[in-house]
Amino acid sequence: MSIFHLARRAVMAAAVATVALTGAAVAHDYKAGSLQIDHPWSRATPGGASVAAGYLVVKNTGAAPDRLISATVPFAGRVEIHEMAMKDGVMVMRPIPDGLTIPAGGSVELKPGGYHIMFMDLKSPLKEGTSVDGTLTFEKAGSVPVKFTVEGLGASGSAHPGH
């Protein structure tokens with residue numbers, strides 16, 4: 001086998017290993033009962049920012065609906081579940097005090113411009129490349145500890161599989 005073929009094989013092996021490791025680092029899923037929580041993430045915040053948002057997908061494989069009723073994080077003074085929607089031609093954001101229903105056999109995506117978890121009164125900026133702890137509380141499945149991966153300021157979450 002020529003040196004060219006050996007070098008090409010080494011480059012291909014390194015590329016495959018990089019993809020495998022990157023996939024393992026990006027994938028972070030959690031389970032609680034019939035719920036699967038996929039890829040919690042947030043955006044980095046500039047210094048002085050007082051708010052940030054958390055995003056994820058919740059899949060319910062069960063026969064009964066569940067409800068995301070609250071979330072807590074150590075890096076913010078308050079946390080609320082919010083919805084962004086168009087009202088009379090204007091984008092408005094409002095808290096959902098009764099929580100967010102996850103339908104039986106369905107899923108709900110929390111994403112920029114839609115449902116999200118609002119982190120208010122940040123105690124320090126969120127830094128890209130880190131992860132931050134949080135706890136999601138569901139009506140039936142209970143409390144689920146998660147880690148939100150902090151992505152870049154302009155991240156859309158599209159780097160996550162299934163998005």
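Surface exposure of region 62-142, expressed per residue as accessible area with a 1.4 Å probe, stands at 54 Å². Per-residue 3J(HN,Hα) values for region 106-116, derived from phi via the Karplus relation 6.51 cos²θ - 1.76 cosθ + 1.60 with θ = phi - 60°, read x, 8, 10, 9, 9, 8, x, x, x, 5, 6 Hz in sequence order (x marks Gly and Pro).
For residue 39, the solvent-accessible surface computed with a 1.4 Å probe is close to 10 Å², ligands and nucleic acids excluded. I'm a student and want to see the number: the projected area of the Cα convex hull of region 64-163, averaged over all directions, in nm². For region 64-163, averaging the hull's shadow over all directions gives 7.6 nm². Remark: for residue pairs 111/140; 59/87; 59/140; 31/123, the C-alpha separation exceeds 19 Å in 111/140; 59/87; 31/123. If R₀ is 22 angstrom, what is the calculated FRET efficiency for the pair residue 91 and residue 50, using the beta carbon separation as r and rounding to 0.05? Given R0 = 22 Å and the Cβ-Cβ separation, E is 0.65.
For every other residue with a beta carbon closer than 15 angstrom to the beta carbon of residue 112, add +1 if it is Lys or Arg and -1 if Asp or Glu, then tell me the sum. That works out to -1. Amide H contacts of residue 62: 105, each under 5 Å away and 5 or more positions distant or on a separate chain (H built 1.01 Å from N in the peptide plane; Pro and chain starts excluded). Where a ≥ b ≥ c are the square roots of the eigenvalues of the C-alpha gyration tensor, would you call region 45-122 rounded, which needs a/c under 1.5, or, failing that, prolate if a/b is larger than b/c, or oblate? It comes out oblate by the Cα gyration axes. Coupling constants for region 75-82 follow from the phi torsions by the Karplus curve (6.51 cos²θ - 1.76 cosθ + 1.60, θ = phi - 60°), and in residue order they are 8, 9, x, 9, 9, 9, 8, 10 Hz; glycine and proline get x.
The values are calculated or read from the model by the stated rules, or taken from the named source; none is laboratory data. Being a predicted model, the structure only gives us computed values, none of them experimental. Reconstructed Cβ throughout: ideal geometry from the backbone, glycine too, with neighbour counts over all protein chains shown. Ligands, DNA and RNA are excluded from the accessible area calculation, which covers all protein heavy atoms including side chains. Shrake-Rupley method; radii C 1.70, N 1.55, O 1.52, S 1.80 Å.
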